[in-house]
1. Quick query: amide H of Asp129 versus all other amide H atoms, modeled in the peptide plane; which residues come in under 5 Å with a sequence gap of 5 or more or a different chain?
2. By count of other Cβ within 10 Å, fewest leading, how are Tyr108, Tyr125 ordered?
3. Under 8 Å for C-alpha pairs, at least 6 residues apart: give me the relative contact order for the range 133-199, rounded to a whole percent.
4. Students often forget the sequence filter, so: which aspartates and glutamates lie under 17 Å Cα-Cα from Lys28 once same-chain residues fewer than 8 apart are removed?
5. Based only on other Cβ atoms within 10 Å, what is the fewest-to-most ordering of Leu190, Leu145?
6. Give the shape of the range 149-278 as rounded, prolate or oblate, defined through the alpha-carbon gyration tensor: a ≥ b ≥ c are the square roots of its eigenvalues, a/c under 1.5 means rounded, and otherwise the shape is prolate if a/b is larger than b/c and oblate if not.
7. Starting from the eigenvalues of the Cα gyration tensor, five times each then square-rooted, give me the equivalent ellipsoid semi-axes of the range 120-170, largest first, whole Å.
8. Under 14 Å between alpha carbons, and skipping anything fewer than 8 positions from Lys173 in its own chain: which aspartates and glutamates qualify?
Amino acid sequence: MQNQIILWIQEHGLQIVLIFAVALVVRKFSSVFIEKTVRRLIVSDKFLDNKEEKQREDTIIKIFENTLGITVWIVIVLMILSELGVEIGPILAAAGIAGVAIGFGGQYFIRDLISGLFIIVENQYRIGDVVCFSKICGLVEDVSLRKTILRDLDGTVHHVPHGEITTVSNLSKEYARVNLNISVSYASDLENVIKVVNKVGKELAEDGDWEEHIKKAPQFLRVDAFEDSGIAIKILGETKPLKQWDVTGELRKRLKIAFDKEGIEIPFPQRVIHTAKQ
């Protein structure tokens, strides 16, 4: 019995170990090969900076590596089963039959794969982008050929099949905007309001802590509406991707401080009650 075990180890055990070793080497060198090939062959997008281009390439690399990894492990399992004396012919035949059966009900899976391929080729978004799919918004944490994983501000993780995506809104591609509406009292000197807004926007863009995030200083654009309680003005500027929320928050803070100093009132809804005389 002991001799049989030793003989089996010599004939098959070492083969299994060798299969694992070769698989690990293949995965290691294939990952390096995929990374170098993708970074060399992918045509750069002239609208993307170096960081954004790297995000795009990392997304493609991750997808190819995951696909290759699955393929390698399937081959390894089949080879090990063969070494263990299991006939893999019937398994392959059964897999083929199962594949046909699954194919009849797997149109959604195929749709997800095709949609995912177009998303990747067209560079609609990458890992690290903030996107919205209909009512779901969040940071792209992972992208495969079948689905995208988003994490929203509450920390909730959403698994979105690509076939379910009909509209993609990318909030972090190329550049972002400060798009702020703020109301001032009808009694305010509008020219002075414009002067203060532009001054605050310029100072923010020139601030050492913020200038690297701002591409175009926030400035007065137009009177946007006459509201019940005041005049709505629109302020517009440009920032680097994902920095629009930080910059807008800082701008709101500075505008409030500046308006208080200048005596510019930010109105709020008021109700006047008349008491009937007896």
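1. Placed amide hydrogens put Val140 under 5 Å from Asp129.
2. Tyr108, Tyr125
3. Details: 53 pairs, mean separation 14.6, N = 67.
Across the range 133-199, relative contact order equals 22 percent.
4. Correct list for Lys28: Asp58, Glu65.
5. Leu190, Leu145
6. Cα axes put the range 149-278 in the oblate bin.
7. That gives 15, 11, 11 Å for the three semi-axes.
8. Excluding near neighbours in sequence, the set is Asp45, Asp49, Glu52, Glu53, Glu122, Asp129, Glu238.
Readers should treat all values here as calculations from the given coordinates under stated rules, not as data from a laboratory. Only a predicted model underlies this, so the values are computations on that prediction, with no experimental measurement involved. Every residue, glycine as well, gets a Cβ built from its backbone with ideal geometry; the counts of neighbours run over all protein chains shown.
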